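Data block below; observations after.
The values are calculated or read from the model by the stated rules, or taken from the named source; none is laboratory data. Everything numeric here is computed off the predicted structure, so don't read it as measured data. Cβ: placed from backbone, ideal geometry, glycine included. Neighbour counts: every protein chain shown. Just the protein is used for accessible areas: all its heavy atoms, side chains included, with ligands, DNA and RNA removed. Shrake-Rupley method; radii C 1.70, N 1.55, O 1.52, S 1.80 Å.
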Amino acid sequence: MLQDLFQSPDYFAVDSLLTEEHLLIRDAVRQWVKKDVSPVIEDYCQRAAFPTQIIKSLGELGCFGPTIPVEYGGGGMDHIAYGLMMQELERGDSGIRSTASVQGSLVMYPIFTFGSEAQKKKYLPKLATGEWMGCFGLTEPDHGSNPAGMITNFREEGDHVILNGAKMWISNAPFADIAVVWAKDEAGEIRGIIVERGMEGFTTPETKGKWSLRASATGELVFDQVKVPKGNILPGVKGLKGPLSCLSSARYGIAWGVIGAAMDCYDTALRYAKERIQFDRPIGGFQLTQKKLAEMITEITKAQLMNWRLGVLKNEGKATPAQISMAKRNACEVASNIARDARSILGGMGITGEFPVMRHMMNLESVSTYEGTHEIHLLITGMDVTGLDAFK
């Protein structure tokens, strides 16, 4: 069984910017990851299986919908607390953080923000505990970065609608009890609709053969003449604003999460560099190794400060989607570079399951793509600073 020796890097004393409650929440999740995730995650990754036994604990820790009000079963926490939770979960594994991100930001958030009171009361408390798990259906086989082109659609039929289409690359799909699906109505407007497992014609085939996010359950959502009550349509939003606001919430969590993976890679590489002897001295004493470690901790520190400031803005209701895009892209790029440099410091050992680095490195390839690719986020920033739309 692998021993988790992680020590969190904090070069600029960012912890002093956090409240006592923030630190308690973070440390609770950190200890849970050390106890329940780190000892088993490598085995699940190698077998390409999701550790379903952790779902109940994630609910008990408050990792599902931590910013949702307490009256609906959420944690009533602020956005910095949410970010810290995602940081610690992804330090364990991106797949674990993805499961929590999807549940909170992509399922509970749209139901809370755009749902009816009846929908909130029916779904949110059970999603908060993990009794019900959810997924988010936006990406399609032919429409990823351009969600407006979606072809999934529904038509009215009495007190129901008939849903047809398919979604792809959906985290949690294989075991989800509900799916928040975005589809076009007969007027061509994008609407959110809650589809429940067991509805005839709704299937969730699992995606096999992944080299990334192997300890995460990924699948498709297939709708073949699925009959859904009209009461399952989210009444509070029409158009792309709905799914894009959900993505902003999820992207915020990713910005924090991937820095958790980066911190784990840095900590692993630093410890190894002090212990690995070559040419009669620790490799950490060589200039090129020190250059890599110095650049790693610099980029981690910059990202920590950006994430903290973004959290403050989000708590104040001032964070813009473009700022969130910048943080997501920056953090993913930084984390990917750190993982690769950590792998090189570990040499051949870096590709083995004895250390977490290669697993993080493979996971980050997915995280850099989903919720908006590196290139899309660059163009969002470009459009924000120039006022010119490069998407059309």
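Restricting attention to region 174-194, the residues that are without any contact (Cβ under 8 Å) to a residue 40 or more places away in the chain and touching a helix residue (DSSP H, G or I) at 6+ places or on another chain (Cβ under 9 Å) total 0.
Open to solvent by 40 Å² or more (accessible area, probe 1.4 Å) and closer than 28 Å to G95 by Cα - does that describe any residue in region 179-194? No; the residues of region 179-194 include none that is open to solvent by 40 Å² or more (accessible area, probe 1.4 Å) and closer than 28 Å to G95 by Cα. Screening region 38-66 for residues that are polar (S, T, N, Q) and touching a residue at least 40 places away in the same chain (Cβ under 8 Å) and picking the one that is most open to solvent (accessible area, probe 1.4 Å) gives Q46. Residue count for region 278-301 satisfying the condition of being surrounded by fewer than 16 Cβ atoms within 10 Å (Cβ to Cβ) and either among the basic types (K, R) or touching a Leu at 6+ places or on another chain (Cβ under 9 Å) (or both): 2. The residue pairs whose first member lies in region 233-256 and is of a type in the set (D, E, K, R), whose second member is surrounded by 16 or more Cβ atoms within 10 Å (Cβ to Cβ), and whose beta carbons are closer than 6 Å, counting only pairs six or more residues apart or on different chains, are R251/I324; R251/K328; R251/E371.
Okay, residues lined up against (1) free of Cβ contacts under 8 Å to residues at least 12 places away in the same chain; (2) acidic (D, E):
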| site | (1), (2) |
| --- | --- |
| L2 | no, no |
| Q7 | no, no |
| D10 | no, yes |
| A13 | yes, no |
| L18 | no, no |
| A28 | no, no |
| D36 | no, yes |
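Per the conditions (1) small (G, A, S); (2) out of contact with any helix residue (DSSP H, G or I) (no Cβ under 7 Å at 6 or more places or on another chain); (3) within 26 Å of I41 (Cα to Cα), the sole criterion not satisfied by A331 is (2).
Of the residues examined, S57 is one that is hydroxyl-bearing (S, T, Y), part of a helix (DSSP H, G or I) and closer than 21 Å to V102 by Cβ. Scanning region 360-392 for residues that are open to solvent by 60 Å² or more (accessible area, probe 1.4 Å), within 30 Å of E42 (Cβ to Cβ) and not in a helix (DSSP H, G or I) turns up just one, T369.
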